[in-house]
Amino acid sequence: MVIPYSLKSEYGGVRFFIVSRFFRLYPAYWFSVLIAVITSMLFYQVQPEIKVVLLNTTMLQSVFGIPNLFGVYWMLIIELLFYGLCVFIFIFGLLKNRTSNFIIAVSFLILAVAISWLRWCLDRKIPVAVPLALSLMFLVHCGGRQLLKRIYTHEIFVSGGRYVSHYRYQPSAF
């Protein structure tokens, strides 16, 4: 993942990270907001309210209960939360600690399961995607990518609780 490489003390630390994330995300995002406004006006004859457009330019619209101009914008607040959490654990010197990141990933997964259970019991719409996505982001960050790659390529099989790594998927010529 990019986070450990761009969040280093020798590269300017938190300040450089925030500036680089800003310029990586916001210009393209603002362009997509402009496209969303133009598309809604041209094809749907709907002019979004100025408040909706302005809050959508911040990526924080969901925090204020404002609808997303494009449906895919819902994930961006989770990405901002992930970046904020990475800065927080970087300040405490734990960003490169795989064990800490794994504990954070599992904690968010447990939180997602608990929220799912509450959602089911209370029959209320409670956002499960936030802790679930954060769990996956931290899992990949702590080295889960290699594990997922091994599982995907059939390199790992668990048989009777034993680790077996003798078979590797070979695509057929057909």
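Side notes on the structure shown:
- Out of 33, 87, sole residue that is open to solvent by less than 40 Å² (accessible area, probe 1.4 Å), over 19 Å from the mean Cα position of the chain (by Cα) and among the β-branched types (Val, Ile, Thr): 33
- Set 54, 69, 60, 81: member being farther than 26 Å from residue 138 by Cα and open to solvent by less than 90 Å² (accessible area, probe 1.4 Å): 69
- Residue selected from the range 90-122 under the condition in contact (Cβ under 8 Å) with a residue 40 or more places away in the chain and under 17 Å from the mean Cα position of the chain (by Cα), by the criterion surrounded by the most Cβ atoms within 10 Å (Cβ to Cβ): 101
- A single member of 66, 50 is out of contact with any helix residue (DSSP H, G or I) (no Cβ under 6 Å at 6 or more places or on another chain) and at pLDDT 90 or above, and it is 50.
The values are calculated or read from the model by the stated rules, or taken from the named source; none is laboratory data. Source: prediction; values computed, not measured. Please note: Cβ atoms are built from the backbone with ideal geometry, for glycine as well, and neighbour counts cover all protein chains shown. Heavy atoms of the whole protein, side chains included, go into the accessibility calculation; ligands, DNA and RNA do not. Shrake-Rupley method; radii C 1.70, N 1.55, O 1.52, S 1.80 Å.
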